[in-house]
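The values are calculated or read from the model by the stated rules, or taken from the named source; none is laboratory data. Since this is a predicted model, take the numbers as computed values, not measurements. Note: ideal-geometry Cβ built from the backbone for every residue, glycine included; neighbour counts use all protein chains shown.
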Amino acid sequence: MRKNVSTGEYLAFLSIKYEVDPDRLFHALISAEENQKYTTGDLSIECRGKTQDKAMFLFLKDSKVVAQFLILKEFLLEGGNPIRSLMKTDMIRRYLAKKNRRSLSLPIRDLRSGMTQVCLKAKVLEIPKPNLVCTRYGNYASVANALIEDETGTIRLCLWNEQISCISKGDTIRIENARTFTFRGQRQLRIGKKGLLTNVDDSSRQLTAMTTS
């Protein structure tokens, strides 16, 4: 847990970040303290040990540890829900503002070279035959510059390996965490290392960016 942040405020932050209703989160803490483990939404909460006046809680998402800290038992015994009253602190406002900036969807006409964390929704107009290239890591990869459009314009999307077969002409796609650059005078999009390419017409087909890109 961050320094100078109260237990309730940090729990409110976890509630917002992992999209768990604060009432459900508070109930999960009480249940985990009583039964050692409880799952709510994407979060699993484990009570790893307790004394007369406090307990150690471990928070996991998909088996990955996201937080671990002590909570006083008097906090769990407070009337109502102390987490809900802290959902509008400066810490929460800053996090939400940052999240909203990152997830802002831009029209293609507003994209400029050098932009990062670009998100948009577009239709695939064409996917040319892939070229085999040697990457900076010394291995070979397939690359294709697809043409995509929204109601404001078109742009080339650089696809690598499995990304190419993930989408087809006519598909509607969602792109997250991409960056724009100019190559031979042409605007292009490239998905970042932590980016996502999702086929909206088939939400099961989702790929992160390839490391070769």
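Among the residues of this structure, L96 does not count as one that is within 22 Å of the chain's Cα centre (by Cα), buried (at least 17 other Cβ atoms within 10 Å of the Cβ) and outside any loop (DSSP other than H, G, I, E, B). Sub-9 Å Cβ pairs linking a first residue in segment 23-45 that is free of Cβ contacts under 8 Å to residues at least 24 places away in the same chain and in the same structural domain as V65 (by TED's automatic domain parsing) to a second residue that is of a type in the set (V, I, T) and surrounded by fewer than 15 Cβ atoms within 10 Å (Cβ to Cβ), at least 6 apart or interchain, are A28/T39; Y38/I30; I45/T39, ordered by first then second residue. Which residue, of A144, A67, is under 21 Å from R179 (Cβ atoms), among the hydrophobic types (A, V, I, L, M, F, W, C) and modelled with pLDDT of 90 or more? The unique qualifying residue is A144. Taking the conditions exactly as written (in the same structural domain as I92 (by TED's automatic domain parsing) and under 22 Å from the mean Cα position of the chain (by Cα)), does T51 satisfy them or not? For T51, the condition - in the same structural domain as I92 (by TED's automatic domain parsing) and under 22 Å from the mean Cα position of the chain (by Cα) - is not met. Figure legend. Inter-residue proximity from segment 185-197: first residues outside the structural domain of L147 (by TED's automatic domain parsing), second residues part of a strand (DSSP E or B) and modelled with pLDDT of 90 or more, beta-carbon distance below 9 Å, spacing 6+ or different chains. No pairs are indicated. From the list E126, E149, E162, the lone residue that is more than 17 Å from T7 (Cα to Cα), surrounded by fewer than 16 Cβ atoms within 10 Å (Cβ to Cβ), in contact with a helix residue (DSSP H, G or I) (Cβ under 8 Å, 6 or more places away or on another chain) and assigned by TED's automatic domain parsing to the domain that holds Q188 is E149.
Yes/no per residue for (1) in a strand (DSSP E or B); (2) within 26 Å of R94 (Cα to Cα); (3) in contact (Cβ under 8 Å) with a residue 60 or more places away in the chain:
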position	(1), (2), (3)
G49	yes, no, no
L58	yes, yes, no
V66	yes, yes, no
G80	no, yes, no
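Within segment 1-12, being farther than 10 Å from I83 by Cβ and either among the aliphatic types (A, V, I, L, M) or in contact (Cβ under 8 Å) with a residue 24 or more places away in the chain (or both) holds for M1, V5, S6.
Summed over segment 122-173, the residues that are within 24 Å of L111 (Cα to Cα) and assigned to a strand (DSSP E or B) give a count of 23.
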